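The values are calculated or read from the model by the stated rules, or taken from the named source; none is laboratory data. Just so it is clear, the structure is predicted and the values come from calculations on it, not from any experiment. Here the Cβ is made from the backbone with ideal geometry for all residues, glycine too, and neighbour counts use every protein chain on show.
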Amino acid sequence: METTAYTSFVAVGDSFTEGMSDRLPDGSYRGWADLLAARLARAHPGFRYANLAVRGKLIGQIVAEQVEPAARMRADVVTLVGGLNDTLRPSCDMGRVRAHLEEAVARLAPSCGRLVLMRSPGRRGPVLQRFRPRMEELFALIDDLGARYGATVVDLYGAPVLGDPRLWDADRLHLCAEGHRRVAEAVGQALGLPATWDWRTPLPPAAPAPWATRRVADVRFAGRHLAPWIGRRLTGRSTGDGRPPKRPELLPYDASTTAPRPGS
């Protein structure tokens, strides 16, 4: 039984918090926030949950569209993860990112019982390597804001296991189901919930795939994921354009709807 009474939870952010790419059989996404909400709902009858996150959102859009609604809900827990999409844009004004993120934290921190920020997990590789300095600047800002506003900061970026390619989807940008399961446990532990397992445990060693297999995977990734992603970055389009949040209201949550799948 949980020892900490959290009876409401609002998740704010982008695709990471929406749950991509933890796919359910109906094609929708579950993700770490749903998994955490399900755990809290099992412990607290009447538990309420909202997830305002939408894939592709920049931090300025998160502030404009999600922060005020989240603040009005006055939840026990609010999670805010944003800014990483900004750092992956060809032209990124880190000064604006800083201003927007600070605005979000300053508004949310006094409106909830506990604000949670995260240093997002990052897969290692050549595509993201050029953006690494921006990402680390963002994470340093998150550490600073956490200290100044009394927010909890969950360091997912610093966990080696979350850099394992096997925890990432074929697009190499979003965690798979097992990755989201580990994030849900990490956030739960940061909130003071009893640890159910060690989310930092490395995956079992695996023999490297043959060179030809890896090259075929790289070509497939470039055609199906990298080229469209670059196209959206250059044109300013987003996969979340016109898409509403999956849980826009703070309503009672049925834990059985996101029960972990066998083997997850």
The one condition LEU58 fails out of (1) surrounded by 22 or more Cβ atoms within 10 Å (Cβ to Cβ); (2) in contact with a strand residue (DSSP E or B) (Cβ under 9 Å, 6 or more places away or on another chain); (3) among the aliphatic types (A, V, I, L, M) is (2)
Query raised in the report: Do we find that ALA41 is closer than 21 Å to ASP254 by Cβ, assigned to a loop (DSSP other than H, G, I, E, B) and touching a residue at least 60 places away in the same chain (Cβ under 8 Å) in this structure?
Result: no
Checked the range 143-191 for anything hydroxyl-bearing (Ser, Thr, Tyr) and more than 21 Å from ARG39 (Cβ to Cβ); matches are TYR149, TYR157
The residue that is farthest from LEU173 (Cα to Cα), considering only those in the range 64-94 that are of a type in the set (Asp, Glu) and within 18 Å of the chain's Cα centre (by Cα), is GLU65
Exactly one of GLY188, GLY240, GLY179, GLY192 is modelled with pLDDT of 95 or more, in a loop (DSSP other than H, G, I, E, B) and surrounded by 12 or more Cβ atoms within 10 Å (Cβ to Cβ), and that one is GLY192
Is there a residue in the range 102-114 that is surrounded by fewer than 23 Cβ atoms within 10 Å (Cβ to Cβ), closer than 15 Å to TYR149 by Cβ, in contact (Cβ under 8 Å) with a residue 40 or more places away in the chain and polar (S, T, N, Q)?
yes
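Scan the range 44-63 for residues that are over 20 Å from ALA184 (Cβ atoms), assigned to a loop (DSSP other than H, G, I, E, B) and under 14 Å from the mean Cα position of the chain (by Cα) and jot them down.
Taking the range 44-63 as the starting set, the residues that turn out to be over 20 Å from ALA184 (Cβ atoms) are 45-46, 56-63.
Checking which are assigned to a loop (DSSP other than H, G, I, E, B) leaves us with 45-46, 56-58.
Within the range 44-63, GLY56, LYS57, LEU58 qualify.
Results for (1) buried (at least 16 other Cβ atoms within 10 Å of the Cβ); (2) modelled with pLDDT under 95; (3) on the phi < 0 side of the Ramachandran plot; (4) not charged (D, E, K, R), shown as yes or no for each residue.
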{"position": "ALA5", "(1), (2), (3), (4)": "no, yes, yes, yes"}
{"position": "SER8", "(1), (2), (3), (4)": "yes, no, yes, yes"}
{"position": "LEU24", "(1), (2), (3), (4)": "no, yes, yes, yes"}
{"position": "ALA33", "(1), (2), (3), (4)": "yes, no, yes, yes"}
{"position": "LEU36", "(1), (2), (3), (4)": "yes, no, yes, yes"}
{"position": "ASN51", "(1), (2), (3), (4)": "yes, no, yes, yes"}
{"position": "ALA70", "(1), (2), (3), (4)": "yes, no, yes, yes"}
{"position": "VAL78", "(1), (2), (3), (4)": "yes, no, yes, yes"}
{"position": "LEU84", "(1), (2), (3), (4)": "yes, yes, yes, yes"}
ALA106 vs (1) aliphatic (A, V, I, L, M); (2) more than 17 Å from the chain's Cα centre (by Cα); (3) farther than 30 Å from SER8 by Cβ: all pass except (3)
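Taking the stated definitions as given, is ARG98 surrounded by fewer than 16 Cβ atoms within 10 Å (Cβ to Cβ), of a type in the set (Lys, Arg), touching a residue at least 12 places away in the same chain (Cβ under 8 Å) and in a helix (DSSP H, G or I)? I'd like the intermediate steps shown before the answer.
Numbers: surrounded by fewer than 16 Cβ atoms within 10 Å (Cβ to Cβ): no; of a type in the set (Lys, Arg): yes; touching a residue at least 12 places away in the same chain (Cβ under 8 Å): yes; in a helix (DSSP H, G or I): yes.
In short, no.
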Within the range 78-98, of all residues that are among the small types (Gly, Ala, Ser) and in contact with a helix residue (DSSP H, G or I) (Cβ under 9 Å, 6 or more places away or on another chain), the one nearest to PHE9 (Cα to Cα) is GLY82
Within the range 72-95, residues assigned to a helix (DSSP H, G or I) and more than 22 Å from ARG243 (Cβ to Cβ) come out as MET94, GLY95
